[in-house]
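Student: One structure, pasted below without further comment.
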Amino acid sequence: LLPVRERLPQAILAGLIFGYATLTKAQNLVLPGFVMGWIVLAAPGWAMFRRWIGLGLAMYVALILVVAPWTYRNWQVFGEFIPVSTNGGWTLLTGNNPEANGDYTPNTVLAEGLNHDPAQQIAIDKITRQRAMDWIKANPTRFVALIPKKFIRLWLPDGESEWSFQRDYAPYDRYHLIFRAVRVLNQAYYVLLMGLALPSIWLIWRGGARGLSPFVHTPIAVCAFFTVISLAFSGQSRFHLALMPLLLLYSAWTLARRARPAS
């Protein structure tokens, strides 16, 4: 591991990238800190902690420099502190309501009387967040019972791109059997990749990757972060699409370890 001063340019570049990512998805504001904390816990020690404090500060300074103009614009337009967006309340409500099943459920009684008028977005965000929190506080058992359903919905199915064809492709009904056959093949391929990734994830998780860089934990940390987000809000299979390149690394590692001659 290089000294902190030699890693500063990479940390600043990463912060700029995460800043632009945050402007697209607000949860990316927390992602770098979550990953860094995970790595520090995976490889504890004062040296690692001190290293990440310096790199983390540099990264977040760069991130904030990217996001700050948009936050200031929100303050000028709305008169309130809004770091990025105003859809957090609605997203929370659509995953936590009386009709919730683990998936995105916008047609809930808790959404009655609401609209998506941009002029009312601040008020709607506050109302939906409050309704969701009130429901969670009043139904803690049901909220906990939704967690495994959200997890399954996030990680078990794949091929949600078929939905866009169902919605926008006029001849879909004529070719639905072909679309469904492709989706079945896609699901089989997805299961194969996940089956290959899990042994390497398990090896790292139980401490079998000693001697390797602590950064081997990074894909696990990123997957864990988005899993936690989905368990709090709602599980949708499209949310794991961005994580597949990371899981492919573990799949390839499993195959490489399998092919490596025994010493």
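Student: Would you confirm whether or not region 222-245 contains a residue that is part of a loop (DSSP other than H, G, I, E, B), free of Cβ contacts under 8 Å to residues at least 40 places away in the same chain and among the aliphatic types (A, V, I, L, M)? Lay out the reasoning, then the answer.
Tutor: At the first step, the residues of region 222-245 found to be part of a loop (DSSP other than H, G, I, E, B) are 233-236.
Now drop any that are not free of Cβ contacts under 8 Å to residues at least 40 places away in the same chain, which leaves none.
Among the residues of region 222-245, not one is part of a loop (DSSP other than H, G, I, E, B), free of Cβ contacts under 8 Å to residues at least 40 places away in the same chain and among the aliphatic types (A, V, I, L, M), which makes the answer no.
Student: What residue, among those in region 31-87 that are farther than 30 Å from Lys126 by Cα and among the β-branched types (Val, Ile, Thr), is surrounded by the most Cβ atoms within 10 Å (Cβ to Cβ)? Talk me through it step by step, then tell me what you get.
Tutor: Going through region 31-87, the residues farther than 30 Å from Lys126 by Cα turn out to be 36-59.
Now narrow it down to the ones that are among the β-branched types (Val, Ile, Thr): 39-40, 53.
On the way: Ile39: 21, Val40: 19, Ile53: 13.
Only one residue tops the list, namely Ile39.
Student: Tally up the residues in region 99-117 that are open to solvent by 50 Å² or more (accessible area, probe 1.4 Å) and of a type outside the set (Ser, Thr, Tyr), please.
Tutor: Within region 99-117, the subset open to solvent by 50 Å² or more (accessible area, probe 1.4 Å) is 99, 101, 104, 107, 109, 112-113, 115-117.
From what is left, the residues that are of a type outside the set (Ser, Thr, Tyr) are 99, 101, 107, 109, 112-113, 115-117.
Final tally of qualifying residues: 9.
Student: Please go through region 83-97 and give me each residue that is among the β-branched types (Val, Ile, Thr) and without any contact (Cβ under 8 Å) to a residue 40 or more places away in the chain, ordered by number.
Tutor: Of region 83-97, the ones among the β-branched types (Val, Ile, Thr) are 84, 86, 91, 94.
Thr86 - this is the single residue of region 83-97 that is among the β-branched types (Val, Ile, Thr) and without any contact (Cβ under 8 Å) to a residue 40 or more places away in the chain.
Student: Can I ask one more? Which of the residues belonging to region 1-30 are modelled with pLDDT under 90, open to solvent by 60 Å² or more (accessible area, probe 1.4 Å) and over 15 Å from Leu57 (Cβ atoms)?
Tutor: Leu1, Leu2, Glu6
The values are calculated or read from the model by the stated rules, or taken from the named source; none is laboratory data. Given the structure is predicted, the values throughout are model-derived calculations rather than measurements. Positions of Cβ are backbone-derived with ideal geometry, glycine not excepted, and every protein chain shown enters the neighbour counts. Side chains are part of the model used for accessible areas, which takes the heavy atoms of the whole protein and leaves out ligands, DNA and RNA. Shrake-Rupley method; radii C 1.70, N 1.55, O 1.52, S 1.80 Å.
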